[in-house]
Amino acid sequence: MKVLLVNGSPHEKGCTYTALSEIAMQLEKNGIGSEIHWLGDKPINGCTGCGACFRNRNGRCVFGEGDGVNELIEKINAADGVVFGCPVHFAGAAGNLHSALDRVFYAKISFAGKPGAAVVSCRRSGGTAAFDDLNKYFMISSMPVVSSKYWNIVHGNTPEQVRQDEEGMQIMRALADNMAWLLKSIEAGRNAGLKLPEPEKRITTNFIR
Ligand SMILES: Cc1cc2nc3c(=O)[nH]c(=O)nc-3n(C[C@H](O)[C@H](O)[C@H](O)COP(=O)(O)O)c2cc1C
(Lines give C-alpha, C1' and ligand atoms only; values in the text may rest on other atoms or scores of the structure.)
Protein backbone atom coordinates (compact mmCIF):
# COMPACT_ATOMS: atom_id res chain seq x y z
CA MET A 1 0.00 0.00 0.00
CA LYS A 2 1.19 3.47 -0.82
CA VAL A 3 0.26 6.99 0.24
CA LEU A 4 0.92 9.97 -2.02
CA LEU A 5 2.13 13.01 -0.07
CA VAL A 6 1.73 16.11 -2.23
CA ASN A 7 3.97 19.07 -1.40
CA GLY A 8 2.12 22.11 -2.73
CA SER A 9 4.73 24.58 -1.49
CA PRO A 10 7.01 26.57 -3.79
CA HIS A 11 9.81 25.35 -1.46
CA GLU A 12 10.88 21.81 -2.24
CA LYS A 13 12.44 21.15 1.18
CA GLY A 14 10.66 23.75 3.32
CA CYS A 15 8.17 23.60 6.19
CA THR A 16 5.48 21.65 4.35
CA TYR A 17 8.07 19.09 3.30
CA THR A 18 9.20 18.77 6.92
CA ALA A 19 5.65 17.97 8.02
CA LEU A 20 5.15 15.50 5.16
CA SER A 21 8.49 13.82 5.97
CA GLU A 22 7.32 13.17 9.53
CA ILE A 23 4.17 11.54 8.11
CA ALA A 24 6.28 9.45 5.68
CA MET A 25 8.49 8.24 8.53
CA GLN A 26 5.51 7.22 10.66
CA LEU A 27 3.76 5.52 7.73
CA GLU A 28 6.89 3.47 7.20
CA LYS A 29 6.79 2.38 10.86
CA ASN A 30 3.27 1.13 10.11
CA GLY A 31 4.46 -0.81 7.05
CA ILE A 32 2.95 1.64 4.57
CA GLY A 33 4.99 3.05 1.68
CA SER A 34 4.81 6.67 0.55
CA GLU A 35 6.10 9.15 -1.99
CA ILE A 36 6.53 12.90 -1.52
CA HIS A 37 5.57 14.55 -4.79
CA TRP A 38 6.60 18.21 -5.16
CA LEU A 39 4.42 20.31 -7.46
CA GLY A 40 7.34 22.59 -8.27
CA ASP A 41 7.74 26.35 -8.18
CA LYS A 42 6.45 27.22 -11.65
CA PRO A 43 3.01 28.82 -11.89
CA ILE A 44 0.07 26.41 -12.29
CA ASN A 45 -2.94 27.99 -13.96
CA GLY A 46 -6.35 27.77 -12.38
CA CYS A 47 -9.26 25.99 -14.07
CA THR A 48 -10.53 27.88 -17.13
CA GLY A 49 -13.91 26.14 -16.89
CA CYS A 50 -13.64 25.11 -20.54
CA GLY A 51 -15.58 21.91 -19.79
CA ALA A 52 -13.40 19.74 -22.05
CA CYS A 53 -12.82 17.25 -19.21
CA PHE A 54 -16.60 16.88 -18.83
CA ARG A 55 -17.09 16.31 -22.54
CA ASN A 56 -14.11 13.97 -22.94
CA ARG A 57 -14.88 11.97 -19.78
CA ASN A 58 -11.29 10.70 -19.71
CA GLY A 59 -10.29 11.97 -16.27
CA ARG A 60 -7.69 14.37 -17.67
CA CYS A 61 -7.27 18.13 -18.06
CA VAL A 62 -6.69 19.29 -21.66
CA PHE A 63 -4.10 21.78 -20.33
CA GLY A 64 -2.60 19.31 -17.87
CA GLU A 65 0.26 17.74 -19.85
CA GLY A 66 2.71 20.62 -19.56
CA ASP A 67 2.23 21.70 -15.97
CA GLY A 68 2.02 18.44 -14.04
CA VAL A 69 -1.74 18.37 -13.41
CA ASN A 70 -2.31 15.15 -15.40
CA GLU A 71 0.71 13.59 -13.74
CA LEU A 72 -0.84 14.47 -10.40
CA ILE A 73 -4.15 12.85 -11.45
CA GLU A 74 -2.26 9.67 -12.40
CA LYS A 75 -0.39 9.62 -9.11
CA ILE A 76 -3.57 10.12 -7.07
CA ASN A 77 -5.29 7.37 -9.08
CA ALA A 78 -2.42 4.99 -8.37
CA ALA A 79 -2.21 5.78 -4.63
CA ASP A 80 -4.20 4.04 -1.90
CA GLY A 81 -4.39 7.25 0.13
CA VAL A 82 -3.41 10.90 -0.33
CA VAL A 83 -2.19 13.78 1.81
CA PHE A 84 -2.28 17.28 0.35
CA GLY A 85 0.13 19.67 2.04
CA CYS A 86 0.88 23.34 1.49
CA PRO A 87 1.85 26.55 3.27
CA VAL A 88 -0.76 29.04 4.41
CA HIS A 89 -0.75 32.05 2.08
CA PHE A 90 -2.90 34.93 3.30
CA ALA A 91 -4.96 32.64 5.52
CA GLY A 92 -5.79 30.26 2.69
CA ALA A 93 -4.20 27.33 0.89
CA ALA A 94 -1.24 28.31 -1.33
CA GLY A 95 -2.30 29.22 -4.87
CA ASN A 96 -0.42 26.58 -6.86
CA LEU A 97 -1.91 23.66 -4.96
CA HIS A 98 -5.35 25.22 -5.09
CA SER A 99 -5.16 25.75 -8.86
CA ALA A 100 -3.90 22.22 -9.43
CA LEU A 101 -6.57 20.62 -7.23
CA ASP A 102 -9.40 22.61 -8.84
CA ARG A 103 -8.42 21.05 -12.16
CA VAL A 104 -7.68 17.58 -10.76
CA PHE A 105 -11.04 17.36 -9.00
CA TYR A 106 -13.01 18.83 -11.90
CA ALA A 107 -11.45 16.37 -14.36
CA LYS A 108 -11.31 13.28 -12.16
CA ILE A 109 -13.47 10.26 -12.87
CA SER A 110 -13.71 9.10 -9.24
CA PHE A 111 -11.58 9.00 -6.13
CA ALA A 112 -14.44 7.58 -4.05
CA GLY A 113 -13.29 5.50 -1.10
CA LYS A 114 -9.68 6.74 -1.23
CA PRO A 115 -8.72 8.21 2.17
CA GLY A 116 -7.44 11.77 2.13
CA ALA A 117 -5.96 14.24 4.58
CA ALA A 118 -4.83 17.86 4.42
CA VAL A 119 -1.79 19.35 6.15
CA VAL A 120 -0.86 23.02 6.30
CA SER A 121 2.17 24.94 7.49
CA CYS A 122 2.06 28.50 8.75
CA ARG A 123 4.24 31.00 10.54
CA ARG A 124 1.49 32.29 12.82
CA SER A 125 -2.20 32.04 11.85
CA GLY A 126 -4.74 31.30 9.14
CA GLY A 127 -4.07 27.57 9.44
CA THR A 128 -7.61 26.41 10.14
CA ALA A 129 -9.06 28.38 7.21
CA ALA A 130 -6.52 26.83 4.82
CA PHE A 131 -7.08 23.38 6.37
CA ASP A 132 -10.87 23.69 5.92
CA ASP A 133 -10.32 24.79 2.35
CA LEU A 134 -8.32 21.68 1.41
CA ASN A 135 -10.72 19.30 3.17
CA LYS A 136 -13.50 20.43 0.83
CA TYR A 137 -11.92 18.48 -2.05
CA PHE A 138 -12.28 15.18 -0.18
CA MET A 139 -15.75 15.86 1.10
CA ILE A 140 -17.27 16.50 -2.33
CA SER A 141 -15.67 13.31 -3.63
CA SER A 142 -16.83 10.56 -1.23
CA MET A 143 -13.29 10.29 0.11
CA PRO A 144 -12.97 9.34 3.81
CA VAL A 145 -11.19 12.18 5.62
CA VAL A 146 -8.40 11.04 7.94
CA SER A 147 -8.10 13.01 11.14
CA SER A 148 -5.51 13.37 13.89
CA LYS A 149 -5.44 14.52 17.53
CA TYR A 150 -5.86 18.15 16.50
CA TRP A 151 -6.19 20.07 13.22
CA ASN A 152 -3.31 19.15 10.93
CA ILE A 153 -1.24 22.30 11.21
CA VAL A 154 2.46 22.82 11.88
CA HIS A 155 3.95 26.17 12.84
CA GLY A 156 7.19 27.66 11.63
CA ASN A 157 8.90 29.79 9.06
CA THR A 158 11.80 27.39 8.55
CA PRO A 159 12.13 23.57 8.67
CA GLU A 160 14.09 23.93 11.95
CA GLN A 161 11.22 25.86 13.54
CA VAL A 162 8.71 23.26 12.33
CA ARG A 163 10.81 20.52 13.96
CA GLN A 164 10.67 22.54 17.20
CA ASP A 165 6.86 22.45 17.02
CA GLU A 166 6.72 19.20 18.97
CA GLU A 167 2.94 19.15 19.20
CA GLY A 168 2.66 19.75 15.45
CA MET A 169 5.08 16.89 14.76
CA GLN A 170 3.07 14.62 17.04
CA ILE A 171 -0.12 15.58 15.20
CA MET A 172 1.59 14.53 11.94
CA ARG A 173 2.56 11.14 13.44
CA ALA A 174 -0.95 10.54 14.77
CA LEU A 175 -2.33 11.39 11.34
CA ALA A 176 0.00 8.82 9.77
CA ASP A 177 -1.06 6.17 12.32
CA ASN A 178 -4.73 6.87 11.57
CA MET A 179 -4.13 6.79 7.81
CA ALA A 180 -2.35 3.41 8.15
CA TRP A 181 -5.15 2.02 10.32
CA LEU A 182 -7.83 3.15 7.86
CA LEU A 183 -5.96 1.76 4.84
CA LYS A 184 -5.58 -1.62 6.56
CA SER A 185 -9.26 -1.55 7.58
CA ILE A 186 -10.33 -0.80 4.02
CA GLU A 187 -8.17 -3.64 2.72
CA ALA A 188 -9.63 -6.03 5.30
CA GLY A 189 -13.14 -4.98 4.29
CA ARG A 190 -12.36 -5.45 0.60
CA ASN A 191 -10.93 -8.91 1.27
CA ALA A 192 -14.13 -9.76 3.13
CA GLY A 193 -16.20 -8.79 0.07
CA LEU A 194 -17.32 -5.33 1.20
CA LYS A 195 -17.94 -3.02 -1.74
CA LEU A 196 -18.29 0.75 -2.07
CA PRO A 197 -21.91 1.97 -2.03
CA GLU A 198 -23.52 2.11 -5.49
CA PRO A 199 -24.04 5.82 -6.23
CA GLU A 200 -27.50 7.02 -7.25
CA LYS A 201 -27.89 8.75 -10.59
CA ARG A 202 -26.64 12.27 -9.91
CA ILE A 203 -29.14 15.09 -9.34
CA THR A 204 -27.83 18.61 -10.10
CA THR A 205 -30.17 21.47 -9.29
CA ASN A 206 -28.08 24.68 -9.41
CA PHE A 207 -30.51 26.01 -6.70
CA ILE A 208 -33.11 26.88 -9.35
CA ARG A 209 -34.84 23.64 -10.28
C1 LIG B 1 2.67 34.85 0.05
C2 LIG B 1 2.78 34.34 1.47
C3 LIG B 1 1.71 34.50 2.33
C4 LIG B 1 1.78 34.01 3.63
N5 LIG B 1 0.69 34.14 4.43
C6 LIG B 1 0.73 33.64 5.70
C7 LIG B 1 -0.41 33.73 6.54
O8 LIG B 1 -1.47 34.20 6.17
N9 LIG B 1 -0.29 33.24 7.81
C10 LIG B 1 0.89 32.69 8.29
O11 LIG B 1 0.93 32.30 9.43
N12 LIG B 1 1.97 32.56 7.48
C13 LIG B 1 1.93 33.02 6.20
N14 LIG B 1 3.02 32.88 5.38
C15 LIG B 1 4.21 32.15 5.89
C16 LIG B 1 4.18 30.65 5.46
O17 LIG B 1 2.90 30.10 5.56
C18 LIG B 1 5.09 29.81 6.36
O19 LIG B 1 6.38 30.35 6.35
C20 LIG B 1 5.11 28.36 5.92
O21 LIG B 1 5.50 27.55 7.00
C22 LIG B 1 6.09 28.13 4.75
O23 LIG B 1 5.97 26.79 4.30
P24 LIG B 1 6.90 26.25 3.11
O25 LIG B 1 8.33 26.33 3.61
O26 LIG B 1 6.48 24.82 2.90
O27 LIG B 1 6.65 27.10 1.93
C28 LIG B 1 2.97 33.35 4.08
C29 LIG B 1 4.04 33.19 3.20
C30 LIG B 1 3.95 33.69 1.91
C31 LIG B 1 5.12 33.49 0.97
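Annotations for the structure displayed:
- When the pairs Lys42/Lys201; Lys13/Lys184; Lys149/Lys184; Lys29/Lys108 are compared against a 28 Å limit on Cα-Cα distance, Lys42/Lys201; Lys13/Lys184; Lys29/Lys108 fall above it.
- Relative protection proxy for 162-169, 193-200, from highest mean packing down: 162-169, 193-200 (other beta-carbon atoms within 10 angstrom).
- Accessible solvent surface per residue of the chain, calculated while the other protein chains remain in place, 1.4 angstrom probe, Å²: 56 Å²
- Taking all Cα pairs closer than 8 Å and separated by 6 or more residues, the relative contact order of segment 5-114 comes to 36 percent.
- Rule-of-thumb Rg ratio for segment 63-119 [Cα; 2.2 N^0.38 Å; N residues]: 1.14
- Computed FRET value (nearest 0.05) for Ile203 with Tyr150, which takes r as the C-beta separation and R₀ as 41 Å: 0.65
- Here segment 2-191 carries DSSP beta bridges of which approximately 10% are antiparallel, counting only pairs with both residues inside.
- Computed in the context of the full set of protein chains, the accessible area of the chain at 1.4 Å probe radius has 51% of its extent on carbon or sulfur.
- Average Cα contact separation per residue, segment 2-191, under 8 Å, 6 or more apart, as relative contact order %: 25 percent
- Rg and Dmax [Cα atoms of the chain; Å; Rg one decimal, Dmax integer]: 17.0, 54
The values are calculated or read from the model by the stated rules, or taken from the named source; none is laboratory data. Because the structure is predicted, anything quoted here is derived from the model rather than measured. Cβ: placed from backbone, ideal geometry, glycine included. Neighbour counts: every protein chain shown. What goes into the accessible areas is simple: the full protein's heavy atoms, side chains included, and nothing from ligands, DNA or RNA. Shrake-Rupley method; radii C 1.70, N 1.55, O 1.52, S 1.80 Å.
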